[in-house]
Every structure is written in structure tokens, then in C-alpha cells.
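Presented below is the structure to which this report refers.
Values in this text are rule-based calculations from the coordinates and carry no lab data. Being a predicted model, the structure only gives us computed values, none of them experimental. Here Cβ is always computed from backbone atoms with ideal geometry, including for glycine, and neighbour counts include all displayed protein chains.
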Amino acid sequence: MRDAFRRKALPYLLSLPALLVCVGILIPFGTAVYYSLQRYRLNLPHLRKMNWGENYLKFLTDSEFWNTLQVSLAYTGLTVGLELLLGLGIALLLQRSTRFNNFVSILLLLPLMTAPALAALMWKLMTNPNFGILSYGAALIGFENMKWASDPSTALLTVLLVDIWVYTPFMMILLLAGLRSLPRQPFEAAALDGVPRTFVFFRITLPMLSPYIITASLFRLLDSIQQFDIIYAMTQGGPGDTLMVFQVEAYLQFFQATNIGKSAALLMVLWVITFILSNLFVKQWLRLREQAQGAG
Amino acid sequence: MQHQSTFERVLRGVLIALVLVFFMFPIVWILLMSFQTNEQILRIPPSLLFEPTLENYRALITGRLETHAGTLDIRFMQNLWNSLILSVFSVALALVLGVPAAYAFARFRFRLGEDIAFTLLSFRFAPPLLVLLPLTLYFQDLGLSDTYVGLVWVYQLICLPLILWIVRGYFEDMSPDIEHAYRTAGHGWLTTFRRISIPLTAPGIAAAGLLAFIFAWNNFIFALVLASADKQPVTVGALAFVTASGIQYGQIAAAIVLSITPTLALALYAQRYLVEGLSLGAVKG
């Protein structure tokens, strides 16, 4: 009797501490929902009151909000798209498991393990208009006075470069693992029959690799739509509002404009987006995970 | 794919070289810059031939920077120390909390079990500011504003899901028969867990810990929002240093080098486990 009880209680006892620590974190989440339904500005505390959905309704006619949404989606689409293409290309280059290829793939992990905020600082030093090596290089090929992140027309390009530098290896390493785990028979059969290689790539490699492509892309989409470190360290969302993605805008609304209600509402909109994405992600991820467990 | 033409091999080589240049150049360039004086950095055209100086590192380590305008105090060593403390304690706590929970999720089917596991996973994907901004207000009330404890607690959002899901995979890979045999021999559950389950999954647990350490070290947003000036880790400290010192480019480069070296070294050491860790156990390397 006592044993039966202990067997039942054991898993709860084991997972309870982890859960408790995290419940503490769910409380602020509830607070954020509550704030998002209030008119709440730190500089005007006496005007604080519930205004229910007003913060959200205002977004419909708020050009700042539409700019944020547009910039975030553009940033996410461009980073994930380019990183997927580059990562897949590099994975294909390194597909054969030779000692040299493995050495290269290990070296490529280094940018991924660099703190994104520090990576942004590195690129800031390299794109400094006075002495930056990239500014010098740009001048050599005819782009005099390239202002990189401080010029609205090249700011997005500059942060994209940093994001691509940091996160392409993530795509590469997952897709490389995927490529190397594919069964060999279809490829051997295709080679014997003399099937053209473009056909093999589009009809055999890509479809078989697609679970890995989808999982890696969703992973990156989830992170990229929330990008903060690179953009904040590089330009703080500027110049102007060129790079005001969700989290940067919410951060500045909170600390500079001290408009807590609006900041919280912005983050709730972002949360809904990530919630939908993460549900899609978990389905894909579980499927791959079961495969991996089965193989291991 | 076995028979490659010479043209193909050359093309492949050139492409790999280009990839290496793009991804390695920034690290090499900043490393070189950290051994240069400001005059050497500002020289146009940039030159690979220069007399290296350790002055930048000396200034950072002694914490005193002599400039024409006077002496500037640098607290960079404090930032480095803070990063170490925050990362070590966050990972330690996450292991203590996460390993038993991972074991429970791997071995037992229990009511709400999967719900709890996925709730913990979902923290990895929610926008961090959603939690951090309200927390700034709570931290003041709770007296956690100026402490390591508060930060270590919040860092669990990064470390715990990682450890939980990676270690869970390792426990699931281990056959329960071994544990069963040991228990049949008359040992209690806790002894079995300590003597059999943990040692057999130790490499996986260590890898998860290293990865969690890297992510904690590299974190920026948590500390930017919550850490007071003297608890700031290197990621936030380096940015503040750029603002404060303005034009001390050599020191900034040296500070970046010191800040990224620990994680890069750990990553090289643990590279065998990174694929599995980065995909939270979904892809085997």
C-alpha cells in the first residue's frame, strides 16, 4: 500500500521543483496580460485604469505598430530564407564525411557560439566609417562613404549580415546531420540508373530532407521574430524606426516612453505569433525526435 | 557522386574557401585588432604587419585606462566575473532541478506529465521581454534587484528547458532493464538512480550542462533588463563599455576577445554533442 503510493507520487516529486521554479515565472506572464489591458504610463500614474482592449484597438490605426509588424516580418523572412539557402548549400558542400569537411563544419560552429550581442559589436568595429575594414573594402569596390548601420538604406542589410553570420551555421549543422542520416539505397539506385543529378536533388534529396528543413526553419523563425540582441546592440532599432522589431519597440516603449500598457500589448501580439509557430514547431520536432530515438 | 570532374573539385574547394573566409574573418580580424594600438587601428589602408601590443589587455585586467583626457576606470573584469558566477550557478541549479524531472518524464507515464514537460519547453519559445518587463517591477518589491539570486532564478528560463529535454532523451535511450536488475537485487530506488541511472547518462548530462553554460553566458536581454550595474555580465558590460569609452577601439576588441573565448573553447570541446543539444534532442549528430 505504502509502496503503491510512493510509486505514484514519485514522478510528481521529481518534477515538482522544476515546475515550482517556473510557476514563479508564470506569474509575471499573467501580470503582462493584465498590464496590456490597462492605460498605464509610469509618468502619469494617476491616469492608470483598466481600458480593456483599447491598447489593441489603437494598433489598428497606429502607424508605429504597422511599421513594427512589417519590419519584424521582413527581418524574419529575409534572415530565415537566406540562412536556409546558405545553410543547405554549405551542408551539401560538406556532405561527405571526410576529415577536412568535418574540421570545417566544427570551425563554422564558432560564430554560432559567439554571443549575438557581442557579434554585433564585432561587426560594428568592422563597419566603422573611419577605420572599419569593411568600409575600406566597400570604398575599394566603389562604395565611398558607406554608412552601414547608421544609414536607413543599408541598416537592414548590415544587421542581416550579422544575423546570417551568427545563425547560418545553425541551419548548416542541422541539415548536415539530416543529409548524413538519409538512407543510401535511393541514391545508389538513382546513380546506377544514370538519373540526372538535378532530378535526384529535387525529387529525392529535398523531399527526404524536408522534415529537417522544416524543423530547422521553424526553430529559426521562432528565434528570429523575437530578435533583440543583434539589433539593439547594433542600432537600438534605428536609424529612426528602420529596425524597430517587436521586442526592441516594446523595450523602448517600456523604458523610454514608459508606456507600460502599450509595451505589454505589443508583446502579447508577438506572443500570439510565437505561440502559433511553436505549436507547428513542436509537432515537427516530436516527429523527428521519435525518429532519432528509434535510430539511437 | 563518386566520380567528380576536376572542375567540380576545384569549384567545391573555392566555395568552401569562401565560406571559411566569411565565417572566420570577423573573429580573426577582431583578434588582430585587440593587439593593436589605436593609432595602428586608425591607419589607412589597414595593414596586417604591425608590432603587437599587450597594452589593451593590460588596461582591461588592471582596470585602469590612461588616456590623454585622464584616467578611466574600467570594470570589465567585474563583468567577466559576473558572467562566470551567473552561468555556473544557473547551470548548477538547472541540473539539480532538471535531471530528476527529466528522469521522471522519461521513465513514468503520469497524469499531466507531458503537459508539464511541454509547459517547460514553451518557455524556450515565448518572448523573454513578456516576462522580464513585469519582473523589473516585482524585483524591486522582492528585494531581488541587486542580487545574483534573482538573475540565477530567471536564467532558469534558458537553462532548464535545455537540460530537461536533452537529458530526457538520454534517459529514454537507456534501457530500463539495467535499473530493473539492480533494483531486483534489493537496492532502493534512490540508490539505483544514483549508482546506475546518473553514471550511465553522465556524458549526456555533462554535454547538456556545457551547452546550458554557453547559452547562459551568451545571454544579453535578461541581464540588460534585470541586472544592476555591478552585476552585469560581459554581454551587457561590453556594450556599456563601448558607450563609456567611445574611441578606445583596441580595448573594445580585447574585451570582445576575452568575452567570447570561454564559450568558443567550450563549444570546440563539446562539439560532438552540439547537434543534439541545439535541436533539443531531435537530431543526432
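Laid out as a table, the results:
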| item | result |
| --- | --- |
| Dipole magnitude of the range B:112-259 about its Cα centre (Cβ charges: Lys, Arg +1; Asp, Glu -1), debye to nearest 20 | 240 |
| Extended-chain gain in nm, criterion 0.36 nm per residue less alpha-carbon gap, residue B:190 and residue B:37 | 49.2 nm |
| Cα-only radius of gyration and Dmax that characterise the range B:52-181, units Å | 21.4, 74 |
| Residue A:100 paired with residue A:42, simple spin-label distance in nm, labels 7 Å along Cα-to-beta-carbon | 5.7 |
| Order of B:214, A:164, A:276 under a 10 Å beta carbon neighbour criterion, fewest first | A:276, A:164, B:214 |
| Residue among B:274, B:200, B:157 with the largest mean-square fluctuation in a Gaussian network model of chain B, springs linking Cα atoms under 10 Å | B:200 |
| Likely footprinting exposure, A:49, B:231, A:58, A:262, fewest C-beta neighbours within 10 Å first | A:49, A:58, B:231, A:262 |
| Assigned charges on the beta-carbon of Lys, Arg, Asp, Glu; chain B dipole about Cα centre (debye) | 600 |
| Other protein chain Cβ atoms within 10 Å, averaged over every residue that makes up A:26-35 | 5 |
| Least to most buried among B:272, B:183 (fewest other Cβ within 10 Å first) | B:272, B:183 |
| Per-residue HN-Hα couplings for the range B:258-265 [Karplus 6.51, -1.76, 1.60; θ = phi - 60°; Hz; x = Gly/Pro] | 4, 6, 8, 4, x, 6, 5, 5 |
| Nonlocal amide H pairs with residue A:38, under 5 Å, H built at 1.01 Å | A:51 |
| FRET efficiency, residue B:202 to residue B:85 (Cβ-Cβ, R0 25 Å, nearest 0.05) | 0.50 |
| Chain A: C-alpha gyration tensor shape, a/c 1.5 cut-off, then a/b vs b/c | oblate |
| Within the range A:214-248: backbone nitrogen closer than 17 Å to the residue A:62 label point (7 Å, Cα to C-beta) | A:241-248 |
| Positive-end residue, the protein assembly as shown charge dipole about Cα centroid, Cβ charges, pick of A:29, B:203, B:135 | B:203 |
| Cβ neighbours within 10 Å from other chains - mean over B:151-159 | 2 |
| Student exercise, the protein assembly as shown dipole from Lys, Arg, Asp, Glu Cβ charges, in Debye to nearest 20 | 1540 |
| Within the range A:22-44: backbone nitrogen closer than 13 Å to the residue A:50 label point (7 Å, Cα to C-beta) | A:34-39 |
| Calculated P(r) tail over 35 Å for chain B, as whole % of Cα pairs | 37 |
| Helix-only [θ]222 nm of the protein assembly as shown, DSSP H runs n ≥ 4, -39500 (n - 2.57) each, per residue, nearest 500 | -23500 deg cm²/dmol |
| Estimated Rh, the range A:147-190: Kirkwood, alpha-carbon pairs, angstrom | 13.1 |
| Peptide A:208-217 - average C-beta neighbours from other chains (10 Å radius) | 1 |
| Sites residue A:275 and residue B:50 - FRET efficiency at Förster radius 51 Å, r taken between beta-carbons, to 0.05 | 0.45 |
| Rounded if a/c under 1.5, otherwise prolate or oblate - the range A:200-251, Cα gyration tensor axes | prolate |
| Ranked by how many other beta carbons lie within 10 Å on average, peptides B:224-230, B:191-197 from highest | B:224-230, B:191-197 |
| Anisotropy class of the range B:1-118 from Cα gyration tensor, a/c 1.5 cut | oblate |
| Cα-Cα separations in the protein assembly as shown greater than 43 Å, expressed as whole percent | 24 |
| GNM top mover of B:97, B:258, B:112 - chain B, alpha-carbon springs below 10 Å | B:112 |
| Protection proxy ranking of B:17-28, B:201-212, B:163-174, B:45-56 - average other beta-carbon atoms within 10 Å, highest first | B:163-174, B:201-212, B:17-28, B:45-56 |
| Computed P(r) (all Cα pairs; the range B:97-148; 5 Å bins; percent) | 4, 16, 17, 15, 14, 15, 12, 6, 0 |
| Those chymotrypsin sites (Phe, Trp or Tyr not before Pro) in the range A:1-97 that DSSP places in a loop and that have at most 15 other beta carbons within 10 Å | A:52 |
| Inter-label distance, nm, simple model (7 Å from Cα along the C-beta direction), residue A:210/residue B:173 | 2.9 |
| For chain A, built as a Gaussian network whose Cα springs stay under 10 Å, the top-fluctuating residue of A:239, A:169, A:45 | A:45 |
| Span per principal axis, largest first, for the Cα atoms of the range B:1-59 (Å) | 56, 23, 15 |
